[in-house]
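Heads up, the thing below is written out as structure tokens.
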Amino acid sequence: MTRSTDSIYALSSGFGKAGVAVIRVSGNSVRKILSALIGHIPQNRQVVLSFLKRPTDGSILDHALVIFFEGPRSFTGEDVAEFHIHGGRAVVSALLQTLALFENTRMAEPGEFSRRAFAAGKMDLSEIESLGDLIDADTEAQRRQALRGLEGALSARAEKWRAQLLIALSWVEAQIDFPDEDDVAQDLHPDVERNMRLVAEEAKNLLNDGRRGERLRSGAVVAISGPPNAGKSSFLNKVAERNVAIVSPIAGTTRDAIEVSLDLEGFPVTMVDTAGIRDTTDDLEQQGVALARQWADAADLVLWFYDGSQNTPLMFPHSDKPLWMVRNKVDLMQEVGETDIGHYRISVKSGEGVSKLLDDLTYWVKSEFESGEEPLITRERHRTIITQLHAELHQSLQSIHLIGRELLAEDLRLACRTIGRISGRVDAEDVLENIFSSFCIGK
Ligand SMILES: Nc1nc2c(ncn2[C@@H]2O[C@H](COP(=O)(O)OP(=O)(O)OP(=O)(O)O)[C@@H](O)[C@H]2O)c(=O)[nH]1
Ligand SMILES: [Mg+2]
């Protein structure tokens, strides 16, 4: 049984050999562990260089940098110790085994340090999500977006909305509780409707972001599609700068979808090579073609490759996605005639035209992600909540002058709870008390 009162430890740096590894411990046993391993408790937030000794036999485990963060001023809000040890596998496992010997101390579960940080009010849910994104960020743009979230960009917006709705709620409640007070007008206070409209409008604007935040997290998807033997796999290998896909003059070589992650000037792109599309009786190839069509449908952009040296009639794909025509193998073409205006002319073999195509791809992915304001919504969870908030406010606004004050107050409380789900904090009552007490009622 795992308990939240246990002290927890884990390797916080990456797995595998490294110069340095960081093992973090959080909870009530931290002081006992420090005393046992290094003989004293270091000053709060001071780095000390010390031998780590095994408490069982006093033998030296490693030479380490040790930091003690006294709770509540720590990541988890509890006492925390960090051991910066040498990053060899044996060193790491020796310290982990030693830590396991302490009472009520166990290996942390995935995300348990962050869960404790949330429970201690150190970070809210959306900030914790951004912390995860920062750790997962592969490109500059992903890093910047995650950092904005970690700094609380979405939380701050949610907090602002909640404050605006709480003011509206306070006015409505004032009229319910004190219907005869002189300084409370009996008409609905104009701030009620105004604030509700403001929040609904902003929510709608946030939702209208082309899902750029979510897409930046996962990367834009570019599918390489087209007839067999056009040089699709050759192009993927060229872009990836390694042989990830089999290339052969036999039509119908590629069956699976082969994904490569690219970093185009800081923006993430997943480029997918797919099976050549044609009618075939081969069962395996049919499966490949079906998969290729699915990728082309799911992609943000399709590069439609064809063999420019052949005089076969051009097959036009059925796709509602942005699609760039790429005429490959121009090194084999004799005639100079321009019959393909608007098409890229490249040769994967000689390299001609490839960098122009990649430059345009980079420009495209940048404009996909950079147009308009920086999105605050970075995952489906946020979108679902904000969509619900907008729907609730919209519905309430439609009947705002018809429904009773009690019902309106209930609508507003509901909307506050919905907003609270962004941060994971849903109790609106205490904040409401605060704002309400600042009103001039009963003076
Ligand atoms: N001359 C010339 N040959 C090329 C070029 N690009 C690819 N090829 C050759 O064309 C043949 C097919 O290349 P692939 O990359 O396997 O083509 P594909 O579109 O992936 O084919 P499937 O997987 O069957 O759909 C291979 O023999 C490549 O070496 C090019 O620019 N010029
Ligand atoms: Mg191929």
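Structure summary
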read-out	value
Residue-by-residue Karplus 3J(HN,Hα) for region 39-47, coefficients 6.51, -1.76, 1.60, Hz, glycine and proline x	x, 7, 9, x, 4, 3, 6, 10, 7
Radius of gyration and maximum dimension Dmax of region 276-405, Cα, Å	23.3, 80
Value of [θ]222 nm, deg cm²/dmol, for the chain, DSSP H segments ≥ 4, -39500 (n - 2.57) each, nearest 500	-13500 deg cm²/dmol
Antiparallel content of DSSP bridges confined to the chain, in %, to 5	60
Partner lysines for Lys122 [C-alpha distance under 25 Å; skip if fewer than 8 residues away on the same chain]	Lys32, Lys160
Anisotropy class of region 347-401 from Cα gyration tensor, a/c 1.5 cut	prolate
Which of Ser396, Leu207, Leu169, positive extreme of dipole for the chain (C-beta unit charges)	Leu207
Amide N of region 115-157 lying under 19 Å from the label point, which is placed 7 angstrom from the Cα of Glu380 along Cα→Cβ	126, 129-130, 132-133
Interatomic Cα distance distribution for region 39-173, bins of 5 angstrom, percent	2, 9, 12, 14, 16, 15, 12, 8, 5, 3, 2, 2, 1, 0
Length-normalised contact order of region 283-369 in % [C-alpha pairs under 8 Å, at least 6 apart]	21
Relative contact order of region 179-289, defined on C-alpha pairs under 8 angstrom at six or more residues apart (%)	25
Amide H partners (placed H, <5 Å) of Asp62, local residues excluded	Leu52
Gain in span if fully extended, Arg278 to Asn205, counting 0.36 nm per residue against the direct Cα distance	22.0 nm
For Gly266, residues with placed amide H under 5 Å, excluding near neighbours	Glu140
Loop GluC sites (Glu not before Pro), region 101-172 (other Cβ atoms within 10 Å of the site Cβ: 13 or fewer; DSSP)	Glu103, Glu151
Burial ranking of peptide ranges 321-332, 165-176 (average Cβ count within 10 Å, highest at the top)	165-176, 321-332
Cα gyration tensor category, rounded, prolate or oblate, for region 1-77 with a/c compared to 1.5	rounded
Overall form of region 147-294 per C-alpha gyration tensor (a/c, 1.5; a/b vs b/c)	prolate
Net dipole in debye of region 1-63 [+1 Lys, Arg Cβ; -1 Asp, Glu Cβ; about Cα centre; nearest 20]	120
Nitroxide proxy distance, nm - points 7 Å out along Cα→Cβ at Ile176 and His401	2.2
Length-normalised contact order of the chain in % [C-alpha pairs under 8 Å, at least 6 apart]	14
For region 376-397 and region 107-135, distance of Cα centres in Å	23
Approximate spin-label separation Arg115-Gln388, in nm, with each point projected 7 Å along Cα-to-Cβ	2.2
3J(HN,Hα) from dihedral phi, region 251-258, Karplus parametrisation 6.51/-1.76/1.60, rounded to Hz, x for glycine, proline	5, x, 5, 7, 10, 7, 8, 10
Rg ratio (alpha-carbon, reference 2.2 N^0.38 Å) - region 98-212	1.62
Hits among lysines - C-alpha to C-alpha of Lys321 under 22 Å, sequence gap 8 or more where chains match	Lys232, Lys356, Lys366
For Arg345, residues with placed amide H under 5 Å, excluding near neighbours	Arg327
Mean projection area, nm², convex hull over Cα of the chain	31.7
³J(HN,Hα), Karplus 6.51/-1.76/1.60, whole Hz, each residue of region 50-62, x for Gly, Pro	8, 6, 9, 10, 5, x, 5, 10, x, 6, 7, 8, 5
Calculated diffusion of region 199-274, Stokes-Einstein form, Kirkwood radius summed over Cα pairs, 4 °C and 1.567 mPa s, µm²/s	90
Label-point separation in nm, Ser355 to Ile60, each point 7 Å along Cα→Cβ	5.5
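None of the figures in this text is laboratory data; all of them are computed from the coordinates on show. Just so it is clear, the model here is predicted, and its values are computed rather than measured. Neighbour counts are summed over all protein chains in view; Cβ atoms, including those assigned to glycine, are modelled from backbone coordinates with ideal geometry.
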